[in-house]
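Just below is one structure, and these are the notes that go with it.
Derivation of every value follows stated rules applied to the coordinates shown; laboratory data play no part. For clarity, every value in this text was computed on a predicted model and none was experimentally measured. Using ideal geometry, Cβ is built from the backbone for each residue, glycine included, and neighbour counts are taken over all protein chains shown.
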Amino acid sequence: MAQVAIITASDSGIGKECALLLAQQGFDIGITWHSDEEGAKDTAREVVSHGVRAEIVQLDLGNLPEGALALEKLIQRLGRIDVLVNNAGAMTKAPFLDMAFDEWRKIFTVDVDGAFLCSQIAARQMVK
């Protein structure tokens, strides 16, 4: 049975490159996306070209804890999880001195709380 890696926000950029690198190493890949479904489908096509399996799910880490539950669906589809890459992140273009606290909380929710919940969900499956 192939090992499974899930990479959050693997629809583009660093996440996509991580997915492709792990696919080249023989991992089946779980791909998540927030707003770029076409990018996720493109990543999946490239992953499959390496002879491994790819599954896609939308992940909204701005809506916690419910949003992180999509990771459970992805693990169920793939049958297991061996590696999690917490790549998803939020950002703002607001200068630090002008950033409203609410905007900071949104970033923190995705970047820290989202990574925590995804790691917890993955770890619970890994120890089974």
>> Just to be sure I follow the rule: in the chain, considering lysines 8 or more places apart or on different chains, how many pairs have Cα atoms under 22 Å apart?
In response: 5
> What is the order of Lys41, Lys128, fewest Cβ neighbours within 10 Å to most?
Replying inline: Lys128, Lys41
> Any idea what log10 I(q)/I(0) is at q = 0.16, 0.20, 0.21 Å⁻¹ for the chain, Debye with uniform C-alpha scatterers and no solvent?
Replying inline: -0.72, -1.05, -1.14
> Tell me, Leu22, Leu69, Leu117 in order of fewest to most beta-carbon neighbours within 10 Å?
Replying inline: Leu69, Leu117, Leu22
> How far is it, in nm, from the label point at Phe108 to the one at Asp42 when both lie 7 Å from their Cα along the line to the Cβ?
Replying inline: 3.5 nm
>> Starting from the 7 Å offset along Cα-to-Cβ, what nm value, one decimal, do you get for the label separation of Gln3 and Glu72?
In response: 2.6 nm
> Roughly speaking, what is the stretch gain from Met91 to Ser12, that is 0.36 nm per residue apart minus the C-alpha to C-alpha distance, in nm to one decimal?
Replying inline: 26.9 nm
> Which helices, counted as full DSSP H runs in the chain, have an axial Cα extent of no less than 15 Å and a Kyte-Doolittle average of -0.5 or above?
Replying inline: 13-24, 115-126
